[in-house]
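For reference, the structure discussed in these notes is given below.
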Amino acid sequence: NGLATDTLLPWLASGRAGFMYVDSADNNTLKQVAMTEAAADVSTWTSLYGATSNVRVGTNNSVTLTGVLGDDLTINSLGFYNAGVATLALGSGKTLTLASGGLSYRAANSSAHQTITNGFLTSGTDKLYLNSSDSGNSATLYIHSPIVGATLNVFKAGISGIDFRGTAANTYGGTTTVNGGHLALNKTGGAIAIPGPLVVRNGG
């Protein structure tokens, strides 16, 4: 039906905070993209991962992240499937770019809040997909880092909550679409959470 094959589909998250692809060598079977378990010391990420890396924090276990991302970094996708609380700290002025535009979050338990803070967050395409996988748990992904990109459109999907927080405004130039679940706007000090048009669809 015209789907791209053999490449990560950033809008199609798996239940384990990863992504899916269509395998043309296996009768176009839908398969899960292999994820790399994230190193706990974030300061090592720039030497460990690159633009083809699909990195996931946790595999339904408890992971505590330490250190700070000391330089700009591009990875293909990012997932959180962590049973513990963790903060991904980006260096001041440093940008984490998701080459595919895919970010996936699955709450592994009801208190496993995950936070992205400092620096900047963007996509390598004109779309950033925030996929909070369907879950009975009530934990939230907090994004304090400003989301940037002159032509970037942001899509939020899935039942689990995502909060835009922090004191720095999001500056992406496109439309924000809430396809499902909760997107909470909790920035402070006059910082802008939604800089452009907002579309809330049935279920959002």
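Things to note:
- In terms of its Cα atoms, the range 1-152 spans 44, 35, 27 Å along the principal axes, sorted from long to short.
- Between the range 140-168 and the range 98-120, the Cα center-to-center distance that results, in Å: 9 Å
- Peptides 19-25, 196-202, 151-157 ordered by average Cβ neighbours within 10 Å, highest first: 151-157, 19-25, 196-202
- Surface accessible to a 1.4 Å probe, S92 within the full protein complex, Å²: 110 Å²
- Rounded Å value of the spacing that divides the Cα centres of the range 1-55 and the range 71-86: 13 Å
- For the range 45-129, the share of accessible area belonging to carbon and sulfur comes to 45 percent (1.4 Å probe, ligands and nucleic acids excluded).
- In this simple spin-label model, placing a label point 7 Å from the Cα along the Cα-to-Cβ direction at both T171 and T64 gives a separation of 3.5 nm.
- Charge dipole (debye, nearest 20) of the range 1-159; +1 at Cβ of Lys and Arg, -1 at Cβ of Asp and Glu: 300 debye
- Given in Å, the Rg to one decimal and the Dmax to the nearest whole number for the Cα atoms of the range 2-92 are 14.4, 46.
- Electrostatic bookkeeping for N179 treats Lys and Arg as +1 and Asp and Glu as -1; over the other residues with beta carbon under 11 Å from its beta carbon, the sum is +2.
- The Cβ shell under 13 Å around A108 holds other residues with a net charge of +3, Lys and Arg each +1, Asp and Glu each -1.
- For the range 66-118, the C-alpha radius of gyration divided by 2.2 N^0.38 Å, with N the number of residues, is 1.18.
- Per residue, in Å², the accessible surface of the chain once ligands and nucleic acids are set aside, probe 1.4 Å: 42 Å²
The values are calculated or read from the model by the stated rules, or taken from the named source; none is laboratory data. Because the structure is a prediction, the values reported are computed rather than measured. Here Cβ is always computed from backbone atoms with ideal geometry, including for glycine, and neighbour counts include all displayed protein chains. Note: accessible area is taken over every heavy atom of the protein model, side chains too, but ligands, DNA and RNA are not part of it. Shrake-Rupley method; radii C 1.70, N 1.55, O 1.52, S 1.80 Å.
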